[in-house]
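The values are calculated or read from the model by the stated rules, or taken from the named source; none is laboratory data. Remember, it's a predicted structure, so these values are computed and weren't measured experimentally. Cβ: placed from backbone, ideal geometry, glycine included. Neighbour counts: every protein chain shown. Just the protein is used for accessible areas: all its heavy atoms, side chains included, with ligands, DNA and RNA removed. Shrake-Rupley method; radii C 1.70, N 1.55, O 1.52, S 1.80 Å.
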Amino acid sequence: MKKVINFLSLAAIMTVGMVTTTQANSLDDLLKQVKADRVSEAKLDKKREAEFLSARSDKQALLNKAKNELASQEARNKRLMKSYAANEITLGQKEVELDNATGTLGEMFGVSRAAAANAYGQISTSIVSAEFPNRGAALSRIANSKEIPSLSDLEELWFALQTEMTESGKVSRFSVEVTKLDGTKSTETIIRIGAFNLISETGFLTYNDEVGQVQPLPKQPASFIAETAADFFTITSGYAPVYVDPSRGAILALETRKKTVQEFFHEGKEVGYAITVLFIVGLLIAAERLIVLGGMTSRIKTQEKNLDKPNENNPLGRLLKVFYDNQNVDAETLELKLDEAILRETPKVDRGVNLIKMFAAIAPLMGLLGTVIGMIMTFQTITLFGTGDPKIMAGDISLALVTTALGLICALPLILIHSVVAGKSKSVLQKLDEQSAGLIAAIAEKGSK
């Protein structure tokens, strides 16, 4: 530090000397100026030395103070360690004294806590709490208490268990606030069947024990199950059948997760929709053919009763008209004309029959197409996400299976309907062939005579 100060002083002296040199008028003045500056610099050095010594004494005082405080804290730490060890010994002695003092009461303490904990877990999730709320507060206090339960606490535990047992065997009708799926709330009258199910006029309800609310199911179970609940809600006396969930809601929750036929249908997506359109068109064609052929058969039967008066509203009548218009020709010519008339009637009778057969053949092929598309999408999903979560692949596999099922469901009725329609059309044509052969035979017999 002194070297730095001396160096700065020398530099200042040189600088001052240079300035004063320019201003000095003579060498004597310069000498006087240098001596004066020397004296002032010496005074400045002494002042700086005094300040440094003063600061060093202050730092020493701070160091001494820190050392004294460290020693004080170390002594305090030793005292606290001794006090902690003594307290540990005292605490152990007091615990032994407490165990000796409680005696058999300690066993009751453990039993009551365990019973309260078990009862709390059962009662807090029971649907009985929908009718009798806030039953778990006392049980939670007993289960978490570190003291011997009082007589009132034991009575609370007894009352809670007795209430649960009693109400589990009752069918109760009461009013409660129901929270809808959209968040709105309304007070409704519902029925509680023991500790198993909650029922309203719209179907089954559920009790959300986390928020203490009665809520409708996201989706009602199958219609035959939900209908029994609605019917049971309307009765006021007597007995009525109703489905009960002995698992306290677990089976009902699984039932609501089952997919409906409509949901399965929509999993077929575009291919399934196309198969359905094909099926509907085939049914419409079959219905039209059955109606037309049924009416045609009825008119033919009417015409058979009156062969002398042909009516052109049926194929047989038109065939008879051709016969009566060509009675004077020979049998071979008449046969050709009647065959021509039958050929004209055949397209009208067979119209749409082959189309139904074609739809019945195409439907399974479209189902197979959906299966292939679903498997392709499944393998693509496996490539992207692996096989860790089967739910990721479930949608594509459903597409494959549902389209296959739809193709078969479409094909089987169409094949059956095609057989019925084809049989009716063949019966009409067979009737025309029989009448034609009979007419030709009559002309041939007449000509032979």
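Odds and ends about this structure:
- Qualifying residue in region 101-111 (condition: surrounded by 14 or more Cβ atoms within 10 Å (Cβ to Cβ), modelled with pLDDT of 80 or more and not in a loop (DSSP other than H, G, I, E, B)): no
- Screening I123 on (1) within 17 Å of A195 (Cα to Cα); (2) touching a residue at least 40 places away in the same chain (Cβ under 8 Å); (3) open to solvent by 40 Å² or more (accessible area, probe 1.4 Å) shows it passes everything except condition (3).
- Yes/no for I148 being open to solvent by 40 Å² or more (accessible area, probe 1.4 Å) and in contact with a helix residue (DSSP H, G or I) (Cβ under 6 Å, 6 or more places away or on another chain): yes
- Of all residues in region 9-54 being at pLDDT 70 or above and small (G, A, S), the one that is nearest to the chain's Cα centre (by Cα): S54
- Total residues in region 126-145, condition open to solvent by less than 40 Å² (accessible area, probe 1.4 Å), hydrophobic (A, V, I, L, M, F, W, C) and outside any helix (DSSP H, G or I): 1
- Residue that is modelled with the highest pLDDT, among those in region 74-96 that are closer than 30 Å to P149 by Cα and open to solvent by 100 Å² or more (accessible area, probe 1.4 Å): I89
- Some residue of region 365-387 being farther than 28 Å from G438 by Cα and over 32 Å from the mean Cα position of the chain (by Cα): yes
- Scoring Q435 on the criteria (1) part of a helix (DSSP H, G or I); (2) at pLDDT below 80; (3) open to solvent by 50 Å² or more (accessible area, probe 1.4 Å) leaves a single failure, condition (3).
- Residue within region 265-282 that is within 15 Å of F204 (Cβ to Cβ), under 39 Å from the mean Cα position of the chain (by Cα) and outside any helix (DSSP H, G or I) present: no
- Here the condition is being in contact with a Gly (Cβ under 8 Å, 6 or more places away or on another chain) and not polar (S, T, N, Q); of R248, R257, R289, it holds for R289 alone.
- Count of region 297-316 residues, restricted to those that are in a helix (DSSP H, G or I) and open to solvent by 70 Å² or more (accessible area, probe 1.4 Å), is 3.
- In region 175-197, the condition of being of a type in the set (D, E) and under 22 Å from I251 (Cα atoms) is met by no residue.
- Close pairs from region 358-381: first more than 17 Å from K269 (Cβ to Cβ), partner surrounded by fewer than 19 Cβ atoms within 10 Å (Cβ to Cβ) and of a type outside the set (K, R), Cβ under 6 Å, at least 6 apart: A360/I415
- Residues that are among the aromatic types (F, W, Y), within 27 Å of G183 (Cβ to Cβ) and open to solvent by 50 Å² or more (accessible area, probe 1.4 Å), drawn from region 212-235: none
- Residue, most open to solvent (accessible area, probe 1.4 Å), within region 179-206, restricted to residues that are at pLDDT 80 or above and of a type in the set (D, E): E201
- When V242 is tested against the conditions (1) in contact with an Asp or Glu (Cβ under 9 Å, 6 or more places away or on another chain); (2) in a helix (DSSP H, G or I); (3) within 22 Å of G169 (Cα to Cα); (4) open to solvent by less than 60 Å² (accessible area, probe 1.4 Å), the lone failure is (2).
- Top-ranked residue of region 317-357 - restricted to ones that are closer than 30 Å to L416 by Cβ and open to solvent by less than 40 Å² (accessible area, probe 1.4 Å), ranked as nearest to the chain's Cα centre (by Cα): I356
- In the set D209, D153, only one residue is buried (at least 18 other Cβ atoms within 10 Å of the Cβ), under 27 Å from A114 (Cα atoms) and not polar (S, T, N, Q); that residue is D153.
- Any hit, region 257-275, residues being open to solvent by 60 Å² or more (accessible area, probe 1.4 Å) and over 30 Å from P218 (Cβ atoms): no
- Positions within region 245-264 being in a helix (DSSP H, G or I) and touching a helix residue (DSSP H, G or I) at 6+ places or on another chain (Cβ under 8 Å), in sequence order: E255, F264
- Criterion (open to solvent by less than 50 Å² (accessible area, probe 1.4 Å), part of a helix (DSSP H, G or I) and free of Cβ contacts under 8 Å to residues at least 40 places away in the same chain) met by exactly one of A71, A55: A55
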